[in-house]
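Quick notes on the structure that follows.
The values are calculated or read from the model by the stated rules, or taken from the named source; none is laboratory data. If you're wondering where the values come from, they're calculated on a predicted model, not measured in any experiment. All Cβ positions, glycine included, derive from the backbone under ideal geometry; neighbour counts span all protein chains shown.
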Amino acid sequence: MTAVIDTSRSPRARLRPVPIRSVRLTDGFWEPRRQLNRTVSLREQHAQLEETGRFRNLRVAAGLERGDNRGKIFNDSDVHKWMEAACWQLATDDDPWLGERVTAILDLLEQVQEPDGYLFSPFIRGLRGARWSDGEAHELYCAGHLFQAAVAHHRVTGSDRALSMARRFADLICATFGEGRGQVDRPDGHPEVEMALVELYRETGERRYLDQASFQIDVRGHRRLGEPYAGWISADYNQDHRPIRDRDRPEGHAVRELYLMSGVADRLLELADPALEAAQLRIWEAMVRGQVYVTGGVGVRDVSEAFGRDYELPSETAYAETCAAVALIMWNWRLLQLTGEARFADLIETGLYNGMLSGVSLDARTYFYANPLACDGGRKRRPWYLVACCPPNLARTLASLPGYLFGTGDGAWVHQYASCEATVGGVELAVRTGYPWDGAVQVEVRSEGEFPLRLRIPAWCVGASLSVNGAGASVALEPGTYAAISRRWRAGDVVELSLPMPVRRLAAHPGLLENAGRVALARGPIVYCVEQADVGGADPRLVQLAAGAEVAPRVRPDLLGGVTVLETDAEQLLPDPAWEGALYREAAGVAGATARPLRVTAIPYFAWANRDAGRMQVWLRQRPGG
Ligand SMILES: [Zn+2]
């Protein structure tokens, strides 16, 4: 099964995945992006892996070149993640170039791997240090990415080559880490190996990989990593400050935290653990209550890349790393498999269309690391980074995207809407939709049989309606649930789902002081922003919407690759000249602001920074009352 995570035999999974291979995206929103991922991103990222010495480090470790190990100590992970992305892409696309590159990487990695299975280039022959000597060296983090790549390779090609390499390294890790005499009894500084070990267990049936994942989860939180960044980063940075079961909220480095939670969810799909499950849900609920940007971005602090306090969600200095949005999607995907609850699929949708997608340019050549919700100008995506976790993370998510649309388990589940033909647990479906720009979704059932077809009604959607073969159906269509249509289906039956997409003006909790008096515009799953280029060069921070003014969607095939924009009459505030040179003034003497009329066009947040590097604002001022 070519699923991203294969819960088909997981005893506690409510849902089963649908193989990537069983979903053929047709035209629409995602397929052109997934093809650009293959034809542009993966090719240019591969060139970066060479130019920036990632492959060179591996050749040196293999003894094929002389030299030292350079760059960030976790650079091997970029190669592994690229390989994983290439494999998922190969699940549906015949691309000999990609296939050859994957084989070449395997050739190289096999030469790097030591006789006992060890495979981490900085510590081979002590190039940069000794094995297992440094919890912050990302040794197991890189191993985890290797395991995920190997599982993807095995699922897509059927070859044991990468999987056996991964197993040899995993066996060494299982023998090395534990509470026994002479074993290493600490976690890795950067979680990742937990979810990868569970997936390796699923792929091989080897129980010790699941046990090692459990050990890695349980050993964390006892301060065995010490405080490697003491003095400038708090002790919760690597989640080793407190056992997960005792925690109530997301803490520390956001990507580390959500990778850890993904591993926890994977373990819970295999093993019952009420205390761990309760803690995980407490952490999820606290995150949603006070620590997620409206875009699905997470991680507010740019020093420690960390979660903050409740309602600490600054727009301009938001960190919201692309990898954190990917991690949010991964965690919620696992929670969805565990529970079948639409709230997790809703958050996946928010992350996919906003916080993750803003990480890549429309031409698929450049990337954001941080994804702020306001910008004073000057931000540009870049083709690569010294720490290049985000580009291949985007690539593997886009490559595996068809696997995130459906599920099975007491019927056929449609989690996300995209035009495609799919086989969902033996049921043939064809989906036609203009989503996310249009909420009309047509699902044609091409199989016979009696089963529930479950369609997600997004939490943002009020007033959904549904018909089967043109006749209204008496089905509950509550926002934030799955509508279940149970009947004896005949091939050719057509379900028409209408998800109204009025423009929404979202307000933030009063505790989020920065957004007081401001609204964010959204339509369907898309969050909007105002860029300087669309308001005649005005400063978007001084754009003020009128509370009662109509905000109208308009289809713009000519703009930003084809988007639906939002248009409204608004105004531009003109600061009183008396403010010149003054930071503070006696409030009683401050005149009401003057303003001039301004026609405002808001664009999808994901498409910002694709023209000039001007100012941008998601949360817009709104004039009270009129
Ligand atoms: Zn990243």
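The strands (runs of 3 or more DSSP E) located wholly in the range 425-486 that include 2 or more residues which are out of contact with any helix residue (DSSP H, G or I) (no Cβ under 6 Å at 6 or more places or on another chain), among the hydroxyl-bearing types (Ser, Thr, Tyr) and modelled with pLDDT of 95 or more occupy 465-468.
Given the criteria in contact with a helix residue (DSSP H, G or I) (Cβ under 8 Å, 6 or more places away or on another chain), within 30 Å of Gln212 (Cβ to Cβ) and not hydroxyl-bearing (Ser, Thr, Tyr), does Met287 qualify? Judged against the criteria, Met287 is not a match.
Inside the range 284-323, residues that are within 16 Å of the ligand (Cβ to nearest atom), part of a strand (DSSP E or B) and either free of Cβ contacts under 8 Å to residues at least 60 places away in the same chain or not small (Gly, Ala, Ser) (or both) make up a count of 2. Scanning the range 517-532 for residues that are within 18 Å of Glu316 (Cβ to Cβ) and in contact with a Gly (Cβ under 8 Å, 6 or more places away or on another chain), we see that the one that is surrounded by the most Cβ atoms within 10 Å (Cβ to Cβ) is Glu531. Of the helices (runs of 4 or more DSSP H) entirely within the range 129-220, those holding at least 3 residues that are crowded, with 23+ Cβ neighbours inside 10 Å and of a type in the set (Gly, Ala, Ser) occupy 139-157, 161-176.
A residue that is assigned to a loop (DSSP other than H, G, I, E, B), within 16 Å of the ligand (Cβ to nearest atom) and within 22 Å of Leu225 (Cα to Cα) occurs nowhere in the range 255-271. When the range 215-264 is filtered for residues that are closer than 15 Å to Glu136 by Cβ, free of Cβ contacts under 8 Å to residues at least 24 places away in the same chain and in contact with a Gly (Cβ under 8 Å, 6 or more places away or on another chain), only His241 remains.
Taking first residues from the range 405-419 that are more than 15 Å from Thr26 (Cβ to Cβ) and acidic (Asp, Glu) and partners that are at pLDDT 95 or above and in a strand (DSSP E or B), the Cβ contacts under 7 Å between residues at least 6 apart in sequence or on separate chains come to Asp410/Pro452. Applying a threshold of 6 Å to beta carbon distances and a minimum spacing of six or more residues, or different chains, the list of pairs starting in the range 362-391 at a residue that is under 14 Å from Arg611 (Cα atoms) and without any contact (Cβ under 8 Å) to a residue 24 or more places away in the chain and ending at one that is near the ligand (Cβ under 10 Å from one of its atoms) and aliphatic (A, V, I, L, M) is empty. Just to be sure before I move on: is Gly359 surrounded by 24 or more Cβ atoms within 10 Å (Cβ to Cβ) and within 16 Å of the ligand (Cβ to nearest atom) in the structure I sent? So Gly359 passes the test. Restricting attention to the range 383-399, does a residue exist that is outside any helix (DSSP H, G or I), more than 16 Å from the ligand (Cβ to nearest atom) and closer than 23 Å to Arg334 by Cβ? Looking through the range 383-399, none of the residues is outside any helix (DSSP H, G or I), more than 16 Å from the ligand (Cβ to nearest atom) and closer than 23 Å to Arg334 by Cβ.
For the range 37-67, the set of residues classified as assigned to a loop (DSSP other than H, G, I, E, B) and without any contact (Cβ under 8 Å) to a residue 24 or more places away in the chain consists of Gly53, Glu65, Arg66, Gly67, listed by residue number. Selection over the range 301-323 of residues that are buried (at least 22 other Cβ atoms within 10 Å of the Cβ) and closer than 21 Å to Tyr353 by Cα gives a count of 8. Of everything listed in (1) under 25 Å from Ser315 (Cα atoms); (2) of a type in the set (Asp, Glu); (3) in a strand (DSSP E or B), the single unmet condition for Glu496 is (1). When the range 324-346 is limited to residues that are buried (at least 24 other Cβ atoms within 10 Å of the Cβ) and free of Cβ contacts under 8 Å to residues at least 60 places away in the same chain, the one that is nearest to the ligand (Cβ to nearest atom) turns out to be Ala325. Just one of the listed residues (Arg379, Arg365, Arg456) is of a type in the set (D, E, K, R), within 22 Å of the chain's Cα centre (by Cα) and closer than 24 Å to Leu90 by Cβ, and it is Arg365.
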